[in-house]
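Since the structure comes first, as structure tokens, the remarks are kept for the end.
The values are calculated or read from the model by the stated rules, or taken from the named source; none is laboratory data. Quick caveat: nothing in here was measured; it's all calculated off a predicted structure. Here the Cβ positions follow ideal geometry from the backbone for every residue, glycine too, while neighbour counts run over all protein chains shown.
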Amino acid sequence: MTAGATGATTTDEIAVVLGFLAALERLDVDGAAELLDESVVYQNVPLPPARGRTATVGQLQSFMRFSDGFEVVTHNIAANGPVVLTERTDVFVIGGGRASFWVCGTFEVHDGKITLWRDRFDFVDFTVALTRGLAGAAIARLRAR
């Protein structure tokens, strides 16, 4: 473990997860993919899991295709061996709007690669956030005219 600027400690596993999320924030799907194990399992509960790097990257590319930006606000992160738990707010930027919603993530990291990524979020919260974000984008477009 290494000491961070705030005196907190960061494990290698946490560093991998934070690097992965940072790549997603840059919309760098290829960079994020480099941190995924070939046999990674990715699931947005309760949706069915994507199995393997190719399927996971396909889902990430689909998400990024519909957004102009992506942000992650990490509220809490903790590791117990290879398991990293995150409590965060994810933000999709869509046009002039923003869709922010709470996410709880579980990652497993082995040999510097993410082998499991499972996110849980409230579908109602996500739907409301997406609706607000799309409405904000529509309002921004109307104001631009």
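Figures for the structure shown
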| quantity | calculated |
| --- | --- |
| Members of segment 16-57 that are under 20 Å from Arg88 (Cα atoms), outside any helix (DSSP H, G or I) and either among the acidic types (Asp, Glu) or touching a Cys at 6+ places or on another chain (Cβ under 8 Å) (or both) | Asp28 |
| Pairs, first closer than 17 Å to Arg65 by Cα in segment 14-26, second part of a helix (DSSP H, G or I) and not β-branched (Val, Ile, Thr), C-beta under 6 Å, six or more apart | Ala23/Gly31; Ala23/Ala32; Leu24/Ala32 |
| Qualifying residue in segment 79-101 (condition: within 15 Å of Ala22 (Cβ to Cβ) and of a type in the set (A, V, I, L, M)) | yes |
| Some residue of segment 100-122 being modelled with pLDDT of 95 or more, surrounded by fewer than 15 Cβ atoms within 10 Å (Cβ to Cβ) and in contact with a helix residue (DSSP H, G or I) (Cβ under 7 Å, 6 or more places away or on another chain) | yes |
| From Val73, Val84, residue being modelled with pLDDT of 95 or more and crowded, with 20+ Cβ neighbours inside 10 Å | Val84 |
| Verdict on Gln61 being surrounded by fewer than 18 Cβ atoms within 10 Å (Cβ to Cβ), outside any loop (DSSP other than H, G, I, E, B) and of a type outside the set (Lys, Arg) | yes |
| Given (1) over 15 Å from the mean Cα position of the chain (by Cα); (2) in contact (Cβ under 8 Å) with a residue 24 or more places away in the chain, number of the condition Val57 does not satisfy | (1) |
| Count of residues meeting criterion [assigned to a strand (DSSP E or B), without any contact (Cβ under 8 Å) to a residue 40 or more places away in the chain and closer than 16 Å to Leu24 by Cα] in segment 67-86 | 1 |
